[in-house]
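Read through the structure below, which is laid out as structure tokens, and then see the notes.
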């Protein structure tokens, strides 16, 4: 469909955008929190215990933290080291999209499945705001690919790799991994009528490998929780970590018990999908609708040119997760590989069958999306956070010039759709990773204060806080969790620095405690952006302050 040279050029640019994001300051809360949890594993030489602040952590299993800790062991405790496993897992996910797309359709669809996956907005975001989802998504689609290969070829190495991948995915975020893998593979078996693959000794081998791969995580849960029924976790004693990960975890998310309820909107993930899959959203929606009509028309009769793995998996899983009472946008990441393959197959069918009217319409949509990215980019660079260095203007103008050239270049419609869509993602995320996020994170008090502490050579062992308020960014960049000290005990300590907000400073003052040195920085919850904050004219009204004071 497009030349090899252009394909690999676009992929290289995408990877460069990923690399640019590696060196951005970690975001609070989740990225910085998870990095601190992994950092403590290394510093305390305890890889079996998960601790969140001062409390036992019974939520997500260990694999993400183990991989981050391994990266810290190899490269040192750095924000870019924390992101390495996520980026590698994303590349594995892209290669698995290629492999599965090639298996279900052909090589061209496989190639564009990988490209669509890597440029989907939520996937790019997951490589900079790193949570558990990058590792989960990468190993889940890898497992689906390997198990589909086993079904088609009856090869033992593929089902063994599938068992290993499923174990790693399960050890990353629990039952959701098995749900996505299981539903997708069952859809494939049901459509191809190859149920005999389930009744084969090779399946037992895969189950053994799966059991071996999750054993370290189960052992860690056993040591931390099952051996200590006296521990109180979210108000309950006698909590079994093993029972939690096999049964309670996903049901708590569905019901909202334990983690709380944040949305009963059944359509939450639908309107979330409208932005998380940009710039490919419209293509995906049309692809899904056309595939639904095709299956309905042929009454789900098996035809070699179709596959039900992606469509069936998306339909069933999207419906199930929509019932959850606790929802966050990144929960949909695990379905993005399936959407990528479905979208790539539809785009290829438009190319193959020369449906000019639809392709022209899609091209118009992609021009519109690109124009919105252009406007957003200009607003960010010339208003929200103005460029401070003159060379930035020349780089931006050069990028815009290259994209404009491809907008005006006379090429086949499908080539322009692919090229302009990828450039939309590259322009948006290139600006975000190299300019927007670095500027935004100047308003994250914890990381900014850590720079002040380093500049003034304040001993991190002398920095304390007086409440249980989380300080993840400061903990990570100080490479030491900030210890809590009660106000009543401050008189007994010497050369003490207290990290506090306005309310806590007032509490210190009312307790008769005085200070003579004070460092103050701006604070804003950077993952919850507001128009008034983004507007430089009203930004100061939305800022809070954090202080570091040296007590008398």
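The criterion of at least 1 residues that are at pLDDT 90 or above, in the same structural domain as residue 58 (by TED's automatic domain parsing) and within 30 Å of residue 325 (Cβ to Cβ) is met, among helices (runs of 4 or more DSSP H) falling completely within segment 153-261, by 156-173, 175-192, 201-221. Note down all Cβ pairs under 6 Å where the first residue falls in segment 186-206 and is closer than 13 Å to residue 152 by Cβ, the second is at pLDDT 90 or above and loosely packed, with under 14 Cβ neighbours inside 10 Å, and they're at least six residues apart or on different chains. These pairs meet every condition: 189/195. Residues in segment 16-51 that are under 24 Å from residue 129 (Cβ atoms) and surrounded by fewer than 16 Cβ atoms within 10 Å (Cβ to Cβ): 16, 19, 23, 29, 43.
Applying the set (1) farther than 30 Å from residue 228 by Cβ; (2) touching a helix residue (DSSP H, G or I) at 6+ places or on another chain (Cβ under 8 Å) to residue 77 leaves exactly one unmet item: (1). Would you call residue 500 assigned to a strand (DSSP E or B), in contact with a helix residue (DSSP H, G or I) (Cβ under 8 Å, 6 or more places away or on another chain) and in contact (Cβ under 8 Å) with a residue 24 or more places away in the chain? Considered against the rule, which asks whether it is assigned to a strand (DSSP E or B), in contact with a helix residue (DSSP H, G or I) (Cβ under 8 Å, 6 or more places away or on another chain) and in contact (Cβ under 8 Å) with a residue 24 or more places away in the chain, residue 500 comes out as yes. Taking the criterion of being under 19 Å from the mean Cα position of the chain (by Cα) and surrounded by fewer than 19 Cβ atoms within 10 Å (Cβ to Cβ), no residue of segment 402-429 qualifies.
Taken across segment 477-487, residues that are at pLDDT below 90, surrounded by fewer than 20 Cβ atoms within 10 Å (Cβ to Cβ) and not in a loop (DSSP other than H, G, I, E, B) do occur, with at least one present. Of the helices (runs of 4 or more DSSP H) lying entirely inside segment 38-119, those containing at least 3 residues that are within 17 Å of residue 8 (Cβ to Cβ), outside the structural domain of residue 468 (by TED's automatic domain parsing) and in contact (Cβ under 8 Å) with a residue 12 or more places away in the chain are 79-104, 107-119. Residues that are within 13 Å of the chain's Cα centre (by Cα) and surrounded by fewer than 24 Cβ atoms within 10 Å (Cβ to Cβ) within segment 93-123 comprise 121, 122, listed in sequence order. Scan segment 327-354 for residues that are outside any helix (DSSP H, G or I) and surrounded by 15 or more Cβ atoms within 10 Å (Cβ to Cβ) and jot them down. Those that are outside any helix (DSSP H, G or I) and surrounded by 15 or more Cβ atoms within 10 Å (Cβ to Cβ): 327, 328. If you go through segment 505-552, how many residues are in contact with a helix residue (DSSP H, G or I) (Cβ under 8 Å, 6 or more places away or on another chain), assigned to a strand (DSSP E or B) and closer than 18 Å to residue 448 by Cβ? Looking only at that region, the number is 10.
Hey, does segment 430-446 have a residue that's surrounded by 13 or more Cβ atoms within 10 Å (Cβ to Cβ), in a strand (DSSP E or B) and modelled with pLDDT of 90 or more?
Here is the first cut: in segment 430-446, the ones surrounded by 13 or more Cβ atoms within 10 Å (Cβ to Cβ) are 430-446.
Narrowing further to those that are in a strand (DSSP E or B): none.
Checked against the condition, which is being surrounded by 13 or more Cβ atoms within 10 Å (Cβ to Cβ), in a strand (DSSP E or B) and modelled with pLDDT of 90 or more, segment 430-446 yields no hits at all.
Per the listing 319, 382, 311, the residue uniquely assigned to a helix (DSSP H, G or I), under 24 Å from the mean Cα position of the chain (by Cα) and free of Cβ contacts under 8 Å to residues at least 12 places away in the same chain is 319.
Table: residues versus (1) closer than 30 Å to residue 546 by Cα; (2) assigned by TED's automatic domain parsing to the domain that holds residue 125; (3) not in a loop (DSSP other than H, G, I, E, B).
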residue	(1), (2), (3)
402	no, no, yes
419	no, no, yes
427	no, no, yes
454	yes, no, yes
461	yes, no, yes
468	yes, no, no
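The values are calculated or read from the model by the stated rules, or taken from the named source; none is laboratory data. What you see is a predicted model, and the numbers here were worked out from it, not measured in a lab. Virtual Cβ from ideal backbone geometry, glycine too; neighbours counted across all protein chains shown.
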